[in-house]
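The values are calculated or read from the model by the stated rules, or taken from the named source; none is laboratory data. Just so we're clear, the structure is a prediction, and the values are computed from it rather than from any experiment. Note that we place each Cβ from the backbone using ideal geometry, even for glycine, and neighbour counts take in every protein chain shown. Surface areas here come from the heavy atoms of the whole protein model, side chains and all, with no ligands, DNA or RNA. Shrake-Rupley method; radii C 1.70, N 1.55, O 1.52, S 1.80 Å.
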Amino acid sequence: MDEKTPRMAEPRKSARERILDAAAELFYREGIRAVGIDTVIAQSGVAKMSLYRNFASKDDLVCAYLERSAQAHARWWDRMAARHPDDPKGLLKGLFVALSHWIAHPEFQGCPFTNAAAELRDPANPARALALAQKRAVRERLRALAAAAGAADPDRLAAHLQVLMEGAYSAGQTLGVDGDVGAVASAAAALIDAACGESA
């Protein structure tokens, strides 16, 4: 860009967006229960009344955080699918290669939905329901891909892959970059090839 060309000013984010940005960072890094509303207000730079105009309670804010996280996850999945058009087996393996890179990232703090489900134990909590719904949605997408890839038992492969995925989230937090994160991708490939009738 020519130095004399004026830069277009980025539109200022709405109060709701600033609150969600702050909440997402804090909830993911520190944990949902550890972060109070006052901390979110301080980091977002909005007035308390502005927060409560957008979110009636902390539970509402947590739900909005998880809904936005689910939308981001869906966009990520779509980007992965675009890299493997008409190749469900390649997509299944690619998901776990990408997962291995994610868990090695220094800012990785686990899966936001797994973390939320672990923190929010009350079955009546709407945020817990959202977290569990996301897990069911992932299982169904894995099952559909397993079926398209020719797995003899798509339900079983999807279950195995989801268990591996959940284990990877835990390993990423405990082993971090010192662990063999490539093991996640290779283990997934072995499961997929075996389930689809091929040697690893």
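To the nearest 20 Debye, how big is the dipole of the chain about its Cα centre, given +1 on the beta carbon of each Lys and Arg and -1 on that of each Asp and Glu? Could the numbers behind the result be given before it?
Working: 25 positive and 25 negative charges, 129 e Å.
Roughly 620 debye, rounded to the nearest 20.
Report the percentage of all Cα-Cα pairs in the stretch 7-124 whose separation exceeds 25 Å, rounded to a whole percent.
Details: 2572 of 6903 pairs.
In whole percent, the share of Cα-Cα pairs in the stretch 7-124 beyond 25 Å is 37.
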*222 nm mean residue ellipticity, helices alone, for the chain (DSSP H n ≥ 4; -39,500 (n - 2.57); rounded to 500)*: -23000 deg cm²/dmol
*Residue farthest toward the positive end of the dipole of the chain, with Cβ of Lys/Arg at +1 and Asp/Glu at -1: which of ALA194, PHE108, LEU157?*
PHE108
*Each residue of the stretch 30-37 in order: what ³J(HN,Hα) in whole Hz does its phi give by Karplus 6.51 cos²θ - 1.76 cosθ + 1.60, θ = phi - 60°, with x for Gly and Pro?*
9, x, 5, 6, 7, 9, x, 4
_Beyond 16 Å, how much of the Cα-Cα pair distribution for the stretch 106-200 remains, as a whole percent?_
61 percent
*What size of dipole, in debye to the nearest 20, comes out for the stretch 10-59 about its Cα centre when the only charges are +1 on Lys and Arg C-beta atoms and -1 on Asp and Glu C-beta atoms?*
160 debye
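So, for the stretch 57-155, what is the accessible surface per residue at a probe of 1.4 Å, expressed in square angstrom?
Working: 5000 Å² over 99 residues.
Accessible surface, normalised per residue, equals 50 Å².
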*Quick one: grab Rg to one decimal and Dmax as a whole number for the stretch 98-153, Cα atoms only, in Å.*
14.4, 39
*Report ³J(HN,Hα) in whole Hz for each residue of the stretch 68-73, in order, from the Karplus equation J = 6.51 cos²θ - 1.76 cosθ + 1.60 where θ = phi - 60°; Gly and Pro get x.*
5, 5, 5, 5, 5, 5
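May I have the convex hull volume per residue, in Å³, for the Cα set of the stretch 20-86? Write out the running numbers ahead of the final one.
Working: hull volume 6.5 nm³, N = 67.
In the stretch 20-86, the Cα hull volume divided by residue count equals 97 Å³.
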*Which Cα, out of SER170, PRO126, VAL138, lies furthest along the positive dipole direction of the chain (beta carbon charges, K/R +1, D/E -1)?*
PRO126
*asked:* I want to verify a result. In a Gaussian network model of the chain, Cα cutoff 10 Å, which of these has the top mean-square fluctuation: ARG75, ARG139, ARG18?
replied: ARG75
*Of the heavy-atom accessible surface of the chain (probe 1.4 angstrom), what whole percent is carbon and sulfur?*
54 percent
*For the stretch 158-174, just list the computed ³J(HN,Hα) in residue order, Karplus coefficients 6.51, -1.76 and 1.60, θ = phi - 60°, integers in Hz, with x standing in for Gly and Pro.*
4, 5, 5, 5, 5, 4, 4, 4, 5, x, 5, 4, 5, 4, x, 7, 8
